[in-house]
Amino acid sequence: MNNNYMKQSLDDFLKDTFMADEPESVGSKDTFDDNYERWLQGTDIEMLIAYAEKWHSAQMLAITNEVLNK
């Protein structure tokens with residue numbers, strides 16, 4: 001398991017998800033933030049909750065692996 005999950009904020013996780021799910025909407029560095037905000041606003045709350053649960057599960061798995069490997 002990649003320990004980057006432990007260090008990744010929910011916002012960064014959502015940005016990665018946006019880039020993976022909507023690569024055609026990402027745009028350039030100059031337009032990314034606006035496009036990301038539009039994507040967030042257009043994503044229904046149930047999907048955002050599912051993304052947050054996925055992020056949380058990855059966090060817990062990374063922590064568990066870290067503890068077990070000490």
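Please treat every number below as a calculation from the coordinates, not as lab data. Only a predicted model underlies this, so the values are computations on that prediction, with no experimental measurement involved. Quick reminder, even Gly has a Cβ in these numbers, built from the backbone with ideal geometry, and neighbours come from all protein chains shown.
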By how many degrees, between 0 and 90 and to the nearest 10, does the Cα long axis of helix 10-21 differ from the longest principal axis of the chain?
60
Estimated FRET transfer efficiency (Ile49, Met19; beta-carbon r; R0 22 Å; 0.05)
0.65
Along the charge dipole of the chain, pointing to its positive end and built from +1/-1 on Cβ of Lys, Arg, Asp and Glu, which listed residue (Leu61, Gly27, Leu14) has its Cα farthest out?
Leu61
Run lengths n ≥ 4 of DSSP H only: what is the helix-derived mean residue ellipticity at 222 nm for the chain, with -39500 (n - 2.57) per run over all residues, to the nearest 500?
-24500 deg cm²/dmol
How charged is the neighbourhood of Ser25? Take every other residue with its Cβ under 13 Å from the Cβ of Ser25, and add Lys/Arg as +1 and Asp/Glu as -1.
-4
The list [x] 1.06; [y] 1.04; [z] 0.94 gives values of Rg/Rh (Cα atoms, Kirkwood Rh), and only one came from this structure; which label was calculated from it?
[x]
Spatially close lysines, pair count over the chain: Cα under 15 Å, gap of eight or more or interchain
4
Using only Cα atoms and rounding to the nearest 10 degrees, what angle (0 to 90) does helix 45-68 make with the longest principal axis of the chain?
30
Under unit Cβ charges (Lys, Arg +1; Asp, Glu -1), what dipole magnitude, rounded to 20 debye, does the chain have relative to its Cα centre?
460
Sequence-separation-based contact order of the chain, relative, with Cα cut under 8 Å and 6+ spacing, percent
51
